[in-house]
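Engineer: One structure, pasted below without further comment.
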Amino acid sequence: MSAVGWGEAAFLGLIQGLTEFLPVSSSAHLRIIGPLLPSGGDPGAAFTAITQIGTEAAVLLYFRHDIARIFRAWCASLAQRGQPLSPDARMGWLVLVGTLPIAILGLLFKNAIEGSLRDLHITAAMLVAFAVVLAVADRLGRKQRTLDRLTWGHGILFGFAQAMALIPGVSRSGGTITMGLILGYTREAAARYSFLLAIPAVLLSGFYQLYKTWGVESTVGPGQTWLATAIAFFVGYAVIVGFLKLVSTRSYMPFVVYRIALGIVVFALLGASVLAPL
């Protein structure tokens, strides 16, 4: 396994940007594609987390007005204890509460997340299994609730759904969107809350990995990592715009079919020894 080159880093950044917000698992794509590149190695959990800073920066830019309004209302709620929460302040607290499951589970299972859970057999199985769950949720979900009807209990359930994305193949957006559909939220409401809920978790994870790997030798150099992160930002922003338009009118079935097909391909490549499990 050799060092990841500039061209490969740019390609991985493109993949990160294209897949982060779609319910197809960006971490699975980086895990699968990395070993197929000329350098021949898994770019690693740290590279994945750091490049996600780029896609999350796209979320901050796209939702900047919503985020600023929610943050101001949340700050105001700290000084108004005992008063009923405004919808924006409540959303701020719900995002924080929904972040707790992934933060706690991420710390508890840190070694497994960076090691055994990156087994491609697990990744392929999760791609297929959660495709089925997404298909059922999209087909049977009532799709009536909007975000102003988001409850504290639902916020926590969204959080646990997001935490499932610690396993490559599940998908952060896929997990939270699926939970939203199961709970009866519209496709657009589930997608928007998925974007907002991911902000604290992704940024904290990304900057933690950046701190932890600073100055540590890796197969992906700092320059290549930042290139991939920048590309992920620009591509990710374009995907957000297109995805929110798409989900307001179309079902998730194309993503279901894609996940199942990709999972089958990965199993085939593992069986042919083209890919190694770890």
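The values are calculated or read from the model by the stated rules, or taken from the named source; none is laboratory data. Quick caveat, the model's predicted, so the values are computed rather than measured. Every residue, glycine among them, receives a Cβ derived from its backbone with ideal geometry; neighbour counts consider all protein chains shown.
Engineer: Looking for whichever is in a helix (DSSP H, G or I) and either crowded, with 24+ Cβ neighbours inside 10 Å or in contact with a Leu (Cβ under 7 Å, 6 or more places away or on another chain) (or both) here; the options are 158, 207. Which one fits?
Structural biologist: Testing whether each residue is in a helix (DSSP H, G or I) and either crowded, with 24+ Cβ neighbours inside 10 Å or in contact with a Leu (Cβ under 7 Å, 6 or more places away or on another chain) (or both) leaves just 158.
Engineer: Another question, then. Any chance you could count how many residues in segment 138-155 are over 23 Å from residue 98 (Cα atoms) and either of a type in the set (D, E, K, R) or in a strand (DSSP E or B) (or both)?
Structural biologist: Looking only at segment 138-155, we keep the residues that are over 23 Å from residue 98 (Cα atoms), and these are 139-140.
Now narrow it down to the ones that are either of a type in the set (D, E, K, R) or in a strand (DSSP E or B) (or both): 139.
The total comes to 1.
Engineer: Please find, among 165, 135, 230, 129, the residue that is outside any loop (DSSP other than H, G, I, E, B) and either crowded, with 21+ Cβ neighbours inside 10 Å or touching a strand residue (DSSP E or B) at 6+ places or on another chain (Cβ under 7 Å) (or both).
Structural biologist: 165
Engineer: Turning to a different aspect of this structure: Give all pairs with beta carbons closer than 6 Å in which a residue from segment 138-156 that is more than 12 Å from residue 186 (Cα to Cα) meets a residue that is part of a helix (DSSP H, G or I); count only pairs at least 6 apart in sequence or on separate chains.
Structural biologist: 155/94; 155/97; 155/98
Engineer: Now for a separate question. Conditions first: (1) crowded, with 16+ Cβ neighbours inside 10 Å; (2) touching a Phe, Trp or Tyr at 6+ places or on another chain (Cβ under 9 Å); (3) closer than 26 Å to residue 255 by Cβ. Residue 121 passes all but one, so which condition is the exception?
Structural biologist: All conditions pass for residue 121, except number (1).
Engineer: For residue 100, state whether it is modelled with pLDDT of 90 or more, within 17 Å of the chain's Cα centre (by Cα) and surrounded by fewer than 17 Cβ atoms within 10 Å (Cβ to Cβ).
Structural biologist: yes
Engineer: Taking the stated definitions as given, is residue 150 crowded, with 18+ Cβ neighbours inside 10 Å and more than 20 Å from residue 258 (Cβ to Cβ)?
Structural biologist: Yes.
Engineer: Separate question: Checking residue 253 against (1) more than 30 Å from residue 144 (Cα to Cα); (2) surrounded by fewer than 23 Cβ atoms within 10 Å (Cβ to Cβ); (3) among the aliphatic types (A, V, I, L, M); (4) at pLDDT 90 or above, which test does it fail?
Structural biologist: Answer for residue 253: the failing condition is (1).
Engineer: From the list 50, 15, exactly one residue is of a type outside the set (Asp, Glu), surrounded by 24 or more Cβ atoms within 10 Å (Cβ to Cβ) and under 19 Å from residue 167 (Cα atoms). Which is it?
Structural biologist: 50
Engineer: From 235, 265, grab the single residue that is assigned to a helix (DSSP H, G or I), of a type outside the set (Ser, Thr, Tyr) and without any contact (Cβ under 8 Å) to a residue 12 or more places away in the chain.
Structural biologist: Exactly one of 235, 265 is assigned to a helix (DSSP H, G or I), of a type outside the set (Ser, Thr, Tyr) and without any contact (Cβ under 8 Å) to a residue 12 or more places away in the chain, namely 265.
Engineer: List pairs: first in segment 238-258 and basic (Lys, Arg), second surrounded by 12 or more Cβ atoms within 10 Å (Cβ to Cβ), Cβ under 9 Å, 6+ apart or cross-chain?
Structural biologist: Note: pairs meeting the criteria are 250/187.
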